[in-house]
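Down below is the structure, laid out as structure tokens.
The values are calculated or read from the model by the stated rules, or taken from the named source; none is laboratory data. As the structure is a prediction and not an experimental result, all values here were calculated from the model. Because the Cβ atoms are built from the backbone with ideal geometry, glycine has one as well, and the counts that use them run over all protein chains shown. In case anyone asks, the SASA skips ligands and DNA or RNA and just uses the protein heavy atoms, side chains included. Shrake-Rupley method; radii C 1.70, N 1.55, O 1.52, S 1.80 Å.
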Amino acid sequence: MKSDLTKILGKHRIIAALCRESDLDDLCLSNVKIAFVLCGDFQSLPDIVSRIKKANIITFVHIDFIDGLSAKEAAVDFVKYYTCADGIVTTKSNQVKRAHALDLLAVQRYFVFDTIAMYNIKKQMTLSTADAIEILPGVIPQVNNYLSSEGKEPLIVGGFINAQEDIENCFKSGALSITTSVPNLWYL
């Protein structure tokens, strides 16, 4: 499953980060083939995911951002049994493990806020069982280079990617794919 995701990320390098339900129509009409859902609640999420899947887009639910879901493993169960999502995005290792137990893909998200965090993330990446790693913010070339070197998981970067130039710089600095919440970049 992980190797399939790496191939998909290598082919479809721009990932839509759906932060507002009002951008759902744009997402479904765009060129992206992968989307991270960062909005909604436990009532609206099944419909949001269903609409995205009908547009033939691989869909991940970012559990940390869905109102009504928690850091508990039951949140992963909800995504599995009440949506048609392909996987989850989370900052929690226990949710990555639960996703795999339920045959869902899992992207583990990390935040880099200083050099110590960057070094700690590199260590954590060696222990991660996630199918891919997402780093935020993604516009720091030195961080992307450092974390992409010798990484066993594909590196996705996001945060502050607001222009085509930002995307190109992320790819040059070691990212396999990027996430962006800017709808006009979903059409590239």
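So the values come out like this:
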{"quantity": "Full-extension gain in nm, Asp25 to Thr91, via 0.36 nm per residue minus C-alpha separation", "calculated": "21.0 nm"}
{"quantity": "Apportionment of accessible area to carbon and sulfur, the chain, percent (1.4 Å)", "calculated": "53 percent"}
{"quantity": "Residues Ala55 and Tyr82, FRET efficiency given R0 of 22 Å [Cβ-Cβ distance, rounded to 0.05]", "calculated": "0.65"}
{"quantity": "Relative contact order [Cα under 8 Å, 6+ residues apart], segment 56-188, whole percent", "calculated": "16 percent"}
{"quantity": "Cα-based shape type of the chain, given that a ≥ b ≥ c are square roots of the gyration tensor eigenvalues and the cut on a/c is 1.5", "calculated": "oblate"}
{"quantity": "Surface per residue (accessible, 1.4 Å probe) for the chain, Å²", "calculated": "47 Å²"}
{"quantity": "Separation in nanometres of the label points that stand 7 Å from Cα toward Cβ, at Ala163 and Thr115", "calculated": "2.9 nm"}
{"quantity": "Cα gyration tensor, segment 1-102 - rounded (a/c under 1.5), prolate or oblate", "calculated": "oblate"}
{"quantity": "Largest to smallest accessible area among Glu168, Glu134 [probe 1.4 Å]", "calculated": "Glu168, Glu134"}
{"quantity": "Protection proxy ranking of 84-91, 23-30, 106-113 - average other beta-carbon atoms within 10 Å, highest first", "calculated": "84-91, 106-113, 23-30"}
